[in-house]
Amino acid sequence: MSLVNHTPQWQALQQHWDELRTARITDFFAADPQRATAMRLSVAGLYLDYSKNLITPTTLKLLAALADAVDLSGWTQRMFNGAAINNTEDRAVLHIALRNRSNRPIVVDGADVMPLINQVLARMEHFVGRVRTGDWLGHTGRRISDVVNIGIGGSNLGPKMVCAALAPYQRDDLRVHFVSNIDGTHLVETLARLNPETTLFIVASKTFTTQETMTNATSARAWLLAALGDQTAVARHFVAVSTNAERVTAFGIDPNNMFGFWDWVGGRYSLWSAIGLPIALAVGFDRFVELLEGAHAMDEHFRTADIAHNMPALLGLLGVWYANFAGARTHAVLPYDQSLRFLAAYLQQGDMESNGKRVTRDGVAVEYSTGPVVWGEPGTDGQHAFYQLIHQGTQLIPADFIGAIHSHNELRDHHPKFMANFFAQTEALMRGRTTAEALAELQASGVAEAQAQLLAPHRTFPGNRPTNSILMQRLTPQTLGALIALYEHRIFTQGIIWGVNSFDQWGVELGKQLASVILDELQTGKLTAPHDPSTRALLEYFIQQRRA
Ligand code: F6P
């Protein structure tokens, strides 16, 4: 396949950008009174306003033509039909099957995967019911009060983000904790507050080989056994979520306490599988199903809607517009919802591990930017930290603002104040303030002329900073499911445009390999591998200081 930047559709967009680079979004609104109503969409409980973008209807047509040129809809159908689109690992990509609430058959290697998925869901439902009703007891006969999920990357970020987002649906008597970092501090600080008799560990690892997770799980088991003193306690206090039954058994976890998933579920797309067990324990199995339903509604929309009205495809194409034509290098995700405080971290893995690639599916080096740096914090904390740079810095930073009409915590006037900031920021980012306006304001407030002239450039806002606004009635399991699926398909859309494989992650391997060599060296105190001079000196210093 030739590179996408050689297509006439890409070149047409390049030319179009040259025409638009000095255009103003505010002028587009002035010229088209229908713009705000034309550039909005409602899907699966999410309302998107994308009119505050540096685009015209022509931009959208050209972007849609680019999507057609790379056969976005063909790739979408192939993903939904179970084709092995993860070509470097020869795997299907079927997180969409995990939430296929229609039960439409999805066939991989000649077999429908839906019965397998439904079986695991039924086992999860049974187990969750037992724990939540107190039927599942710890080794000493006490009810489970705390669940500790031990996992990292996709086996941590998704469930952790969702559990925080759905906190209003949780009970006080069953708390869920997440331990991911191999830094002993993470496990020690978490366990310090817990009672071994009432703690249940979920060891979550697709491969069951990940160093961080296995190290934490081994230490957690030692903590439990030190308190309960009986090897058989492990069966009542440890369950596993993995694709690797052999290793789970070797670790000492009863295979009856293992919840499986499959190699066609990527780690960063796995919260819909048994990796979602901590979510189901936290909010109940029915709420977990509602999360799946929300995602399924977005899936059906993505699978069937034409590009011009397809929310994930549009957001993906807008990202391509800014990354490849307007020169944006990052993308900000700004939830105006404290319970979405882990959304940006979750999307960092989702987006950057998926599209942080430099060769196409065929191994050809790309000649254009691929995945942007994704980052963000909830408003209004972000406003008092980094918004300065978004407003007046030298970089173009497209941003998604995400908020709810109703808060789960309608405390006095907090929510209107909160959302006033959401709307004000998107307006200010687009409108900006000219130097003439800044000067006039200073003069009107009686500032001396020389001082006004000095301050006016500092008080000038260029504006024209693009934003998307995403609103939902309330952050519920359904709307959250739809929101996550929206971003998953946005990532997919961009990967298809750039021609990369969004479903492998070879880039995490090299560091892991070197770490295992260095671990030996740190433990023996002898440097045996050929290191660069800087690393060698650092290792020598570390070893020497540890000895001292
Ligand atoms: O960071 C690399 C990675 O392979 C991620 O893709 C994955 O989510 C994470 O490690 C954890 O892997 P596992 O679930 O196999 O422990």
What residues qualify as long-range amide H neighbours of ASN86, i.e. H under 5 Å apart, gap of 5 or more or another chain, H built at 1.01 Å from N? ARG91, VAL93
With no solvent term and unit scatterers on the alpha-carbon positions of the stretch 194-235, Debye gives log₁₀ I(q)/I(0) at q = 0.21, 0.33 Å⁻¹ of -0.68, -1.18
Quick check: Cα centre of the stretch 516-537 to Cα centre of the stretch 411-443, how many Å? 54 Å
Once you order the gyration tensor axes a ≥ b ≥ c over the Cα atoms, which shape class does the stretch 211-272 get: rounded for a/c under 1.5, otherwise prolate or oblate by comparing a/b with b/c? prolate
Name the residues whose placed amide hydrogens come within less than 5 Å of the amide hydrogen of VAL147, ignoring near sequence neighbours (fewer than 5 apart) on the same chain. ARG175, VAL176, HIS177, LEU200
Between VAL359 and residues 5 or more places away or on another chain, the pairs with built amide H atoms under 5 Å apart involve VAL366
Hey, got the dipole for the stretch 353-496? About the Cα centre, +1 on K and R Cβ, -1 on D and E Cβ, debye to the nearest 20? 140 debye
FRET efficiency, GLN388 to ASP306 (Cβ-Cβ, R0 45 Å, nearest 0.05): 0.70
Using the charge dipole of the chain (Lys, Arg: +1 at Cβ; Asp, Glu: -1 at Cβ; taken about the Cα centre), state which of THR207, TRP375, HIS177 has its Cα farthest towards the positive end. HIS177
Hey, with R₀ at 25 Å, roughly what FRET efficiency would THR37 and ALA428 work out to, going by the Cβ-Cβ distance, to 0.05? 0.70
Distance from the stretch 235-314 to the stretch 452-489 (C-alpha centre basis), Å: 29 Å
Just to be sure I understand the model, the point goes 7 Å from the Cα along the line to the Cβ. What's the resulting ARG193 to SER145 distance in nm? 1.2 nm
With a point put 7 Å past each Cα toward its Cβ, work out how far ALA167 is from ASP263 in nm, to one decimal. 4.0 nm
Work out how far the C-alpha atoms of the chain reach from end to end along every principal axis, then list the three figures in whole Å, largest first. 79, 60, 60
If the chain between LEU510 and ALA326 were fully stretched, how many nm would it gain, using 0.36 nm times the residue separation less the Cα-Cα distance? 63.0 nm
What are the ³J(HN,Hα) values, in whole Hz, obtained from phi via the Karplus relation 6.51 cos²θ - 1.76 cosθ + 1.60 with θ = phi - 60°, for each residue of the stretch 283-298 in sequence order, with x given for Gly and Pro? 10, x, 5, 5, 5, 4, 5, 4, 4, 4, 5, x, 5, 4, 4, 5
Can you compute 3J(HN,Hα) from phi for each residue in the stretch 8-17, using the Karplus curve 6.51 cos²θ - 1.76 cosθ + 1.60 with θ = phi - 60°, rounded to whole Hz and x for Gly and Pro? x, 5, 5, 5, 5, 5, 4, 5, 4, 4
What is the distance in Å between the Cα centroid of the stretch 29-65 and that of the stretch 74-148? 36 Å
Between ALA548 and GLU437, with labels modelled 7 Å along Cα→Cβ, what's the label distance in nm to one decimal, could you check? 5.9 nm
From the Cα gyration tensor of the stretch 117-196, with a ≥ b ≥ c the square roots of its eigenvalues, which class applies: rounded if a/c is under 1.5, or else prolate if a/b is larger than b/c, or else oblate? oblate
Cα gyration tensor category, rounded, prolate or oblate, for the stretch 153-261 with a/c compared to 1.5: rounded
On each of the three principal axes of the Cα atoms of the stretch 248-314, give max minus min coordinate, whole Å, ordered largest first. 53, 26, 14
Could you work out the relative contact order of the chain, using alpha carbon pairs under 8 angstrom and six or more residues apart, expressed as a whole percent? 19 percent
Magnitude of the Cβ-charge dipole (Lys and Arg +1, Asp and Glu -1) of the stretch 16-118 about the Cα centre, nearest 20 debye, reported as 400 debye
Values of log10 I(q)/I(0), in the order q = 0.12, 0.17 Å⁻¹, for the stretch 59-147 under a Debye, Cα-only, solvent-free model: -0.61, -0.83
Provide the FRET efficiency to the nearest 0.05 for the ASN181-ARG341 pair, computing r from the beta carbons and using R0 = 22 Å. 0.80
Can you tell me the equivalent ellipsoid semi-axes for the stretch 313-403? Use √(5λ) from the Cα gyration tensor, largest first, whole Å. 25, 16, 10
From the phi of every residue in the stretch 266-272, what ³J(HN,Hα) in whole Hz does the Karplus formula 6.51 cos²θ - 1.76 cosθ + 1.60 yield, where θ is phi - 60° and glycine or proline is x? x, x, 6, 10, 9, 5, 7
As an exercise, identify the GluC sites (Glu not before Pro) in the stretch 390-460 lying in DSSP coil whose Cβ has no more than 11 other Cβ atoms within 10 Å. GLU410
How large is the charge dipole for the chain, taken about the Cα centre, if only the Cβ atoms of Lys, Arg (+1) and Asp, Glu (-1) carry charge, to the nearest 20 debye? 540 debye
Using just the helices of the chain, give the 222 nm mean residue ellipticity in deg cm²/dmol: DSSP H runs with n ≥ 4 each add -39,500 (n - 2.57), and the total is spread over all residues, rounded to 500. -14000 deg cm²/dmol
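Where a number appears in this text, it was derived from the coordinates with a stated rule and is not lab data. It should be emphasised that the depicted structure is a prediction, and the values quoted were computed from it without experimental measurement. Cβ coordinates were reconstructed from backbone atoms using ideal geometry, including for glycine residues, and neighbour counts include every protein chain displayed.
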